[in-house]
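Here is the structure we will look at, set down as structure tokens.
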Amino acid sequence: MHFEYTIKEGDFVNAGAASSSVKKALKQLNLSSAVIKRVVVALYEAEVNAIAHAYGGTIYVDIDSERILMKVADRGPGIPDLDLAMQEGYSTARPEVRDMGFGAGMGLPNMKKNVDKLVVHTKVGEGTTVEMEVNFVE
Amino acid sequence: MTIKEIIGVLDGNIRCGESHLNDEITKAFSSDLMSDVLTLKDCPLLLTGLCNVQTIRTCEMANLQVIVFVRHKKVTPEMIELAEENDMVLIECEYSMFKTSGILYMKGLEPLY
Ligand SMILES: Nc1ncnc2c1ncn2[C@@H]1O[C@H](COP(=O)(O)OP(=O)(O)OP(=O)(O)O)[C@@H](O)[C@H]1O
Ligand SMILES: [Mg+2]
């Protein structure tokens, strides 16, 4: 199965719409709720980041019987110091993002905890691509 | 505790999910920070003062089925629509987060940690 979703700039109201439809698709596949949760929490964190810290982008999802591949590619400012951004508690979130309950600097570390593979490509002034993989069979 | 009992002791107002009134709840977590909610392991009930569509979305992803909105926050129609789609229970409550948490703790609900 292949899905693509467009994330619009500043579209906080719909943040999570893509993760929600991926969750519905995974529920059809008889996967354990623990695996589904790992996938959708990680994807949701990345989806929120593309809205909170960048100017929108595209989500690509590929599902086969053994694993799910997710790619969240945004147009945005990029991340100048990725090692720093991966640390718990580091956040540059704007006040409006904090008002929505985000901006604790937990998202990237939480993605790492939930997926089997996380690769972040980022270029200052261009954007960030977060690639994640979760295997269904342990 | 059942959801019905929780509503009783909090003098709460159920806004959707009435079919779950007899469901048993054993644990709860209190937070206004969705970043933290997304790191929880297994928790059925969230007490929060953050009242927007993102609260519902976050709980959908983190598998929290029941949300109590404290500090007399009012649930909006968009929130109810999204919650119903995901078979969730939304409850409004007039008390502060501290009081709500204290009452439920005294009644035996367990903390996550
Ligand atoms: N897609 C992105 N584009 C640009 N910067 C980003 C992006 N994702 C993360 N960052 C940077 O990395 C920091 C840490 O991200 P992380 O998701 O861990 O925390 P947060 O989004 O600030 O807060 P939380 O995820 O806890 O709500 C962000 O504050 C931001 O500076
Ligand atoms: Mg984040």
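The values are calculated or read from the model by the stated rules, or taken from the named source; none is laboratory data. Here the structure is a predicted model, which means the values were calculated and not measured. All Cβ positions, even for glycine, are placed from backbone atoms using ideal geometry, and neighbour counts span all protein chains on display. Note: areas computed on protein heavy atoms with side chains; ligands, DNA, RNA excluded. Shrake-Rupley method; radii C 1.70, N 1.55, O 1.52, S 1.80 Å.
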Given the conditions (1) within 13 Å of ligand 2 (Cβ to nearest atom); (2) surrounded by 15 or more Cβ atoms within 10 Å (Cβ to Cβ), every one holds for A:Arg38 apart from (1)
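Residues checked against (1) more than 11 Å from ligand 2 (Cβ to nearest atom); (2) modelled with pLDDT of 95 or more; (3) within 19 Å of B:Leu38 (Cα to Cα):
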{"residue": "A:Tyr90", "(1), (2), (3)": "no, yes, yes"}
{"residue": "A:Gly103", "(1), (2), (3)": "no, yes, yes"}
{"residue": "A:Leu108", "(1), (2), (3)": "no, yes, yes"}
{"residue": "A:Met111", "(1), (2), (3)": "no, yes, yes"}
{"residue": "A:Val115", "(1), (2), (3)": "yes, yes, yes"}
{"residue": "A:His121", "(1), (2), (3)": "yes, yes, no"}
{"residue": "A:Gly125", "(1), (2), (3)": "yes, yes, no"}
{"residue": "A:Thr128", "(1), (2), (3)": "yes, yes, no"}
{"residue": "A:Met132", "(1), (2), (3)": "yes, yes, yes"}
Those residues of region A:89-103 that are under 14 Å from A:Glu45 (Cβ atoms) and either exposed (fewer than 13 other Cβ atoms within 10 Å of the Cβ) or in contact (Cβ under 8 Å) with a residue 60 or more places away in the chain (or both) come to a total of 1
Against the conditions (1) at pLDDT below 95; (2) touching a strand residue (DSSP E or B) at 6+ places or on another chain (Cβ under 7 Å), where does A:Gln28 fall short? Just the number, please. (2)
Regarding region A:75-83, can at least one residue be identified that is touching a helix residue (DSSP H, G or I) at 6+ places or on another chain (Cβ under 7 Å) and open to solvent by less than 30 Å² (accessible area, probe 1.4 Å)? no
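When region A:1-21 is examined, which residues are found to be without any contact (Cβ under 8 Å) to a residue 40 or more places away in the chain and open to solvent by less than 30 Å² (accessible area, probe 1.4 Å)?
A:Ala15, A:Gly16, A:Ser19, A:Ser20
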Inside region A:1-114, counting only helices (runs of 4 or more DSSP H) that do not spill past its ends, which hold 2 or more residues that are more than 14 Å from chain B (Cβ to nearest Cβ)? A:82-85
Whether any residue in region A:17-39 is within 9 Å of ligand 1 (Cβ to nearest atom) and of a type in the set (Gly, Ala, Ser) is what I want to check. no
Within region B:16-45, can you find the residues that are touching a Phe, Trp or Tyr at 6+ places or on another chain (Cβ under 6 Å) and away from ligand 1 (no atom under 16 Å from the Cβ)? B:Cys43
One residue is enough: does region A:60-71 have a residue meeting the conditions in contact with a Phe, Trp or Tyr (Cβ under 7 Å, 6 or more places away or on another chain), open to solvent by less than 80 Å² (accessible area, probe 1.4 Å) and within 10 Å of ligand 1 (Cβ to nearest atom)? no
Counting only residues that are within 9 Å of another protein chain (Cβ to nearest Cβ) and β-branched (Val, Ile, Thr), how many does region B:7-43 have? 2
